[in-house]
Structure formats: C-alpha cells, structure tokens
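What follows is a set of notes on a single structure, which appears directly below.
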Amino acid sequence: MMIFKEIYPALYKSARILYDILAERKPRECIRHKTLPSWEEHMKFVLSEPYYKWYIIYEDEEPIGHINLTLDRKVGVFLFERFRGKGLGEEAIRRLVGLHPGPLYAEVNPLNAPSIVFFTRLGGKLVQHTYEVIL
C-alpha cells in the first residue's frame, strides 16, 4: 500500500532520504540539478521549503521516492531505480491528483526519454519548450 508522508514533520530523516534519491539522479533525468550538491547545500534547499507540497513516497513502510507540487501546479516525481517500471510512479501521480485535484505540469529534460514516455502515457502533451540561458 502506498503512503505519502510530508517532508517537514520528520525533517532530518526526510532530508537524508531526499539526498539519497538525489545521489541516484543522472544529469539527463533532471533540469536543475546537474551535479550532486553538498549536504549543506541540500539542507539549505530543503529548509527553504521550496514546494507547496512535498512528500516521501513509501511502499509498505520502505521509502521508494519523492513527489512534490508547486503552487503553479508543477509536479516532480522521482523513484529509486529499483522501484521503477512497476507502475508506482503512475500510482503516485494519481494519488497526488486525488489529494490536490487539477491539472499538473511536468518540466522534463528533453534528453530524458523515460520521463517523456511516462508523462505521455499518463495523457500528457507537450505545451512548451524551456530554454536555459547562461551568459
């Protein structure tokens, strides 16, 4: 049974799980995190409360990933690699929509083919391209 637990009631434990998840990410899987931040940088980010809602996803009491929602309805979901391909990401998105009804938007790295397939399978459609400009 999937359970969502909000990040902030158990902050340190949640932050450790989030850091372990972040350490598994590959650059093509994310738009904003190109390299692994230090623990101090990570904690500063977590403590800034960057999302409207942020949950650790558990399956039978084992942390399997996280999901977040911004005020402008952008969603981020990431599962530990060993839990991918089992329908748990889709279940997490559906559960999030159940808790916070309405449309969702996902910013996906165009090199992240698995995420493009995932959101397309959920009925998502491309609505914009986002460009990063560094001068």
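The values are calculated or read from the model by the stated rules, or taken from the named source; none is laboratory data. Just so it is clear, the model here is predicted, and its values are computed rather than measured. Glycine gets a Cβ as well: all are built from the backbone with ideal geometry, and neighbour counts include every protein chain shown.
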Exercise. Which residue pairs have Cβ atoms under 8 Å apart, sit 6 or more places apart or on different chains, and have a first residue in segment 86-97 that is of a type in the set (D, E, K, R) and a second that is not in a helix (DSSP H, G or I)?
Worked result: Glu90/Leu122; Glu91/Met2; Arg95/Met2; Arg95/Phe4
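Residues are listed down the side, and each one gets a yes or a no for (1) at pLDDT 95 or above; (2) touching a strand residue (DSSP E or B) at 6+ places or on another chain (Cβ under 8 Å):
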| site | (1), (2) |
| --- | --- |
| Pro27 | no, no |
| Thr35 | no, no |
| His42 | no, no |
| Tyr55 | no, yes |
| Glu59 | no, yes |
| Arg73 | yes, yes |
| Pro103 | no, no |
Seminar exercise, completed: For segment 13-24, pairs from a residue that is more than 11 Å from Pro37 (Cβ to Cβ) to a residue that is among the acidic types (Asp, Glu) and in a helix (DSSP H, G or I), with Cβ under 7 Å and 6 or more apart or across chains, are Glu24/Glu81
For this session: Return the only residue of Arg94, Arg73 being in contact with a Gly (Cβ under 7 Å, 6 or more places away or on another chain), of a type outside the set (A, V, I, L, M) and surrounded by fewer than 14 Cβ atoms within 10 Å (Cβ to Cβ).
Result: Arg73
Exercise. Out of curiosity, is Leu96 in a helix (DSSP H, G or I), out of contact with any Pro (no Cβ under 8 Å at 6 or more places or on another chain) and among the aliphatic types (A, V, I, L, M)?
Worked result: yes
Exercise. Can you name the residue in segment 111-135 that is outside any helix (DSSP H, G or I) and under 16 Å from the mean Cα position of the chain (by Cα) and, of all such residues, is modelled with the highest pLDDT?
Worked result: Leu122
Seminar exercise, completed: Output for Cβ contacts, cut-off 9 Å, separation at least six or different chains, first residue closer than 18 Å to Val97 by Cβ and in contact (Cβ under 8 Å) with a residue 12 or more places away in the chain in segment 35-61, second part of a loop (DSSP other than H, G, I, E, B) and polar (S, T, N, Q), reads Tyr51/Thr70; Tyr52/Thr70; Lys53/Thr70
